[in-house]
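Some notes on the structure that comes next.
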Amino acid sequence: MKKYKIGFTAGVFDLFHVGHLNLLERCKEQCEYLVVGICNDDYVKKVKKTTPIIEEKDRVRIIDALKCVDKAVLIDIETTNDKMLALEKFGFDVLFSGDDWKDSERYKKTEEQFAPLGVKIEYLPYTKGVSTTDIKQKIDKN
Ligand code: CTP
C-alpha cells in the first residue's frame, strides 16, 4: 500500500525532459493513481508569455503514455491557478508540487484550504540543470 490513493500534479511539460520524468516517477512512488494536469496552450501564452513548442493535445498524449502516469488531462487557467477547483474536479488526497513553491503565499493559502479536508501537499525536489527554457536556449545557440 502506498501513502496516498489519488495524487495530482500539474505543469506545462513542454519538450519532455528528464526533470519532468524524475518528478512524475517520484509522484507515482507515493500514490496508487496519478493524475497529471497539463496546462493548456492558452495558459502558457497568457501566463508564461510564450508559445509552447509542442501543442496541448500532444503534450497530453506524451504524458498519458508514461508508465508512471495513470491519467493526463488538459486543464485551463482557472484550474491551474486554483487548486481548490482542481480538487473539486479530480478528488485527489495529495497534491504534488516542486519544492520551489514551498513557503510561497499561494501555497500557504492552499495548505490552509486543504487541511480541514485532509488533503496533503507534498513538495518534491526540482531536478537541477535541466528545463524547457534551457533546452530552447541550447537549440537557439546551435
Ligand atoms: N520540474 C522538475 N525539475 C525540472 C523541471 C521541471 O521537477 N528540472 C517539474 C516542475 O517543478 C513542475 C513540472 O516538472 O512540477 C512541470 O514543469 P514545467 O514548468 O512544465 O517544466 P520546466 O522545464 O521547468 O519549464 P520552464 O523552463 O518553461 O519553466
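The values are calculated or read from the model by the stated rules, or taken from the named source; none is laboratory data. As the structure is a prediction and not an experimental result, all values here were calculated from the model. Using ideal geometry, Cβ is built from the backbone for each residue, glycine included, and neighbour counts are taken over all protein chains shown. The accessibility values were calculated without ligands, DNA or RNA, using every heavy atom of the protein model including side chains. Shrake-Rupley method; radii C 1.70, N 1.55, O 1.52, S 1.80 Å.
Annotations
- Subset of segment 114-127 that is assigned to a loop (DSSP other than H, G, I, E, B) and over 17 Å from Leu24 (Cβ atoms) - its residue that is least open to solvent (accessible area, probe 1.4 Å): Val119
- Scanning segment 119-142 for residues that are more than 7 Å from the ligand (Cβ to nearest atom) and touching a His at 6+ places or on another chain (Cβ under 8 Å) yields one hit, Ile135.
- Matching residues, segment 101-142, being among the charged types (D, E, K, R) and closer than 19 Å to Ile38 by Cα: Glu122
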